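Following: one structure in structure tokens, then a few remarks.
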Amino acid sequence: MRAVTWQGKRDVSVETVDDPIRHKSNDAIIEVTSTAICGSDLHLYEVLGPFMDRGDIIGHETMGRVVEAGPESGLSADDRVVVPFPISCGRCWMCAQGLCTQCETTQVRQYGSGAQLFGYSRLYGSVPGGQAEYLRVPYAEVGPIKVGADLPDHRYLFLSDILPTAWQAVKYAGIREGDSLAVYGLGPVGQFAARIGRHLGAQVFGLDPVPERRDMTARHGIEVFDFDEDAHSTIREATSGRGPDAVVDAVGMEAHGSPLASAAQQATGLLPPPAARKLMETGGIDRTAVLHAAIDLVRRGGTLSLSGVYGGALSPMPLLTLFDKQIQLRMGQCNVRSWTDDLLPLVECSEDPLGVDDLVTHRLPLESAPEAYEMFQRKTDGCIKVVLDPNAES
């Protein structure tokens, strides 16, 4: 089969690799019909290279058609399914608490990490990902979401990751009708977080330096701002001088405006992989400009919800400010299946309340993945969300 493989920093290629095979009775094999590039994939492309191996198949936003179903998979051939990015057993204590990303069966204890994830480095099990023609799905009786045949893929695909990630971020923010919410970063997760906040009845502000992202957000009735000094003042004025009740940071470890941390990340990437892995495990730092801005903006007694990925062992945190402002802080990988029942009716609704029809800017053949990654990282050609189609001709 053809698959998108990691070859080095800022280097992915589409290669012919072995087809996946079913190992266990609860495995399934799907033929991929749509697979998206996630902002988290850019961390593998840029920062987390020391934990990657040449030839790794990447990608964790996937849906398709079942072509082989194990007898204990709970699936049948031709089922149309969305595959959530975490791999969990559904039976352990953590899964019973709704914390599938902390699954005690698939935890990657070698690195002190949570549950295995599709296509996401040694840190999360080096499991082959879904940017490919076919995908092996372990624990298929637990993860895959069966969906109908009538709606196009893009209505369902984002149930794999970014839509529940945004939903969890807003839920963790504790937003209620009439509250105020600011969303930092209007990439795909931030787009959905802002729309979800508005859907739940909040006053929402979106912040991002990219005009195309701001324009898309504004189409959904949300007030938008560039990253500048005036934005915080304006948002405070609109929230009785206090700041918003909650802030979602949908940016994460590669935020703009953190030159020292950026230089440290680049320097780490020049080390041999074993040394770089050790340094990142014990002394890695993130670009935290957005995180610090969010802490500054949120009102006293408010909530900060992190959906952007952070991984620095030594990232500095302004604990004095966090403590003095009495800020509540929630974060973590998304427990996708905990939110499926809330979201499935919304993506199937003819009124499209979360604007799922207005997100994908580029649908390209799988073979175009190298160009798509570069375009997505550089934010050129108005690129906000890329979906790859393994069945499309180049």
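The values are calculated or read from the model by the stated rules, or taken from the named source; none is laboratory data. Because the structure is predicted, anything quoted here is derived from the model rather than measured. Glycine gets a Cβ as well: all are built from the backbone with ideal geometry, and neighbour counts include every protein chain shown. All accessible areas refer to the heavy atoms of the entire protein, side chains included, with ligands and DNA or RNA removed. Shrake-Rupley method; radii C 1.70, N 1.55, O 1.52, S 1.80 Å.
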Length gained, D11-E374, 0.36 nm per residue minus C-alpha separation, equals 129.8 nm
Roughly speaking, what is the stretch gain from A392 to Y111, that is 0.36 nm per residue apart minus the C-alpha to C-alpha distance, in nm to one decimal?
97.4 nm
Note the direction-averaged projected area, equal to a quarter of the hull surface, for the Cα convex hull of segment 88-214, in nm².
10.2
Cα-Cα pairs of segment 286-394 separated by more than 25 Å (percent):
51
Provide the per-residue ³J(HN,Hα) series for segment 96-109, in order, calculated from phi with Karplus coefficients 6.51, -1.76, 1.60 and θ = phi - 60°, each as a whole number of Hz, with x at glycine and proline positions.
5, 8, x, 9, 5, 6, 10, 3, 6, 7, 9, 3, 9, 5
Nearest 10 degrees, 0 to 90: helix 162-172 Cα axis against the chain principal axis
40
Per the C-alpha gyration tensor (a ≥ b ≥ c, the square roots of its eigenvalues), segment 23-84 is rounded if a/c is under 1.5, else prolate if a/b beats b/c, else oblate; here it's prolate
In nm, what is the difference between 0.36 nm times the number of residues separating L151 and D341 and their Cα-Cα distance?
66.6 nm
Can you pull the one-decimal nm distance between simple spin-label points at E348 and R219, each 7 Å off the Cα toward Cβ?
2.6
What's the angle, to the nearest 10 degrees (0 to 90), between helix 188-199's Cα axis and the longest principal axis of the chain?
60
Accessible-area order for R22, R176, R330, largest to smallest, probe 1.4 angstrom, reads R176, R330, R22
Can you list the residues, at least 5 places off or on another chain, whose amide H is less than 5 Å from the amide H of D56, using H built in the peptide plane?
W6
Here the relative contact order (percent) of the chain, from C-alpha pairs under 8 Å and at least 6 apart, is 17
For segment 43-101, what does the relative contact order come out to in percent, with C-alpha contacts under 8 Å and a separation of six or more?
24
S76-D296 pseudo-label distance in nm [points 7 Å out on the Cα-to-Cβ vector]:
5.9
Using alpha-carbon positions, the gyration tensor of the chain gives root eigenvalues a ≥ b ≥ c; with a/c under 1.5 called rounded, otherwise prolate if a/b exceeds b/c, else oblate, the class is prolate
Output the peptides 188-197, 229-238, 6-15 sorted from most to least packed, where packing is the average of other Cβ atoms within 10 Å over each peptide's residues.
188-197, 6-15, 229-238
Counting only C-alpha contacts under 8 Å and six or more residues apart, can you give the relative contact order of segment 137-227 as a whole percent?
22
What ranking of F376, F227 comes out by heavy-atom accessible area, probe 1.4 Å, highest first?
F227, F376
